[in-house]
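The values are calculated or read from the model by the stated rules, or taken from the named source; none is laboratory data. Here the structure is a predicted model, which is why all the values come from computation and not from measurement. When we count neighbours, we look across all protein chains shown, and the Cβ atoms used for this are built from the backbone with ideal geometry, even at glycine. The accessibility values were calculated without ligands, DNA or RNA, using every heavy atom of the protein model including side chains. Shrake-Rupley method; radii C 1.70, N 1.55, O 1.52, S 1.80 Å.
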Amino acid sequence: MDGTLIDSTPAVIRSWTTWAGELGIPLERLLGYHGVPAEATVRELVPPKRQQWAIDRINELELSDLDGVLPLPGATEAFRTLPADRVGIATSCTAVLARARLDAAGLTPPAVLVTVDDVTRGKPAPDPYLKAVERLGHPPQDCLVVEDAVKGLQAARAAGCATLAVVTTTPRKELLADLVVDNLSRLTWITDPATGRVRVKPD
């Protein structure tokens, strides 16, 4: 969701910068956690006695800052073009934050919305994508994951899905995927009316 469908980067940076400052954590220690659930990040960076406060605090900061959250190029068109029963979101956000950001970006959540609240292990474990394809009712090998984060692509490959990466938050050279494009506006989605299968064609 973040970095593929919506641009929440400025809000994320503001929230985590404030959070790190309050806990005395150098900003460079936050590098490499893009796409990882906030709780997992906190548990790696904060001593056990302060973890619950730190989790509650980052959740509070992110929910209170939705300024500048916008749809990324091609996201609105993809939602409008693709069959509703073939689309799902698997995000490292909590359910409340995911819906808040989608609403701020003007995107209606699909019927299949898997958040960190729905799984035991978040990305880079495959669990979010396995849960999403289960709810969509299709085997992983018939599903395409669109990702912007290295950890998210690792999760998608572990789930057995095809991968498409967008260069919105991560340098192209770091993205290992079946196809890499600048953003969703560089794609055409084609649905076969007879079978309902969806193909993606890069421009």
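Which residues, counting only those in region 70-92, are among the acidic types (Asp, Glu) and either touching a residue at least 60 places away in the same chain (Cβ under 8 Å) or touching a Pro at 6+ places or on another chain (Cβ under 6 Å) (or both)?
First pass over region 70-92, keeping only residues among the acidic types (Asp, Glu): 77, 85.
Answer for region 70-92, where residues must be among the acidic types (Asp, Glu) and either touching a residue at least 60 places away in the same chain (Cβ under 8 Å) or touching a Pro at 6+ places or on another chain (Cβ under 6 Å) (or both): just Glu77.
Of everything in region 180-203 that's in a strand (DSSP E or B) and without any contact (Cβ under 8 Å) to a residue 12 or more places away in the chain, which residue is most open to solvent (accessible area, probe 1.4 Å)? Full working, then the answer.
Taking region 180-203 and keeping what is in a strand (DSSP E or B), we get 180-181, 187-191, 198-202.
Keeping just the survivors that are without any contact (Cβ under 8 Å) to a residue 12 or more places away in the chain gives 190, 199.
Values: Ile190: 58, Arg199: 146 Å².
Looking at residues that are in a strand (DSSP E or B) and without any contact (Cβ under 8 Å) to a residue 12 or more places away in the chain, I get Arg199.
Looking at the structure I just gave you, is Asp85 closer than 25 Å to Val181 by Cβ and in contact with a helix residue (DSSP H, G or I) (Cβ under 9 Å, 6 or more places away or on another chain)? If you could, list the steps in order and put the result at the bottom.
Working: closer than 25 Å to Val181 by Cβ: yes; in contact with a helix residue (DSSP H, G or I) (Cβ under 9 Å, 6 or more places away or on another chain): yes.
So Asp85 fits the description; yes.
Give the number of residues within region 89-99 that are crowded, with 19+ Cβ neighbours inside 10 Å and part of a helix (DSSP H, G or I).
So the answer is 2.
Restricting to region 13-40, give me the number of residues that are within 26 Å of Leu72 (Cα to Cα), among the β-branched types (Val, Ile, Thr) and at pLDDT 95 or above.
Looking only at that region, the number is 2.
Which residue is most open to solvent (accessible area, probe 1.4 Å), if the candidates are limited to region 13-53 and must be touching a Gly at 6+ places or on another chain (Cβ under 9 Å) and assigned to a loop (DSSP other than H, G, I, E, B)?
Here the answer is His34.
Answer yes or no as to whether Gly68 is in a loop (DSSP other than H, G, I, E, B) and crowded, with 22+ Cβ neighbours inside 10 Å.
In short, no.
Pairs please, first residue from region 44-69 and within 18 Å of Gly3 (Cβ to Cβ), second anywhere and open to solvent by less than 50 Å² (accessible area, probe 1.4 Å) and part of a loop (DSSP other than H, G, I, E, B), Cβ atoms under 9 Å, 6+ apart in sequence or on different chains.
Partner pairs satisfying both residue conditions: Glu62/Ser8; Glu62/Cys93; Glu62/Thr94; Leu66/Ser8; Gly68/Ser8; Val69/Ser8.
Tell me yes or no: at least one residue of region 73-81 is at pLDDT below 95, over 15 Å from the mean Cα position of the chain (by Cα) and surrounded by fewer than 13 Cβ atoms within 10 Å (Cβ to Cβ).
Yes; the residues of region 73-81 include at least one that is at pLDDT below 95, over 15 Å from the mean Cα position of the chain (by Cα) and surrounded by fewer than 13 Cβ atoms within 10 Å (Cβ to Cβ).
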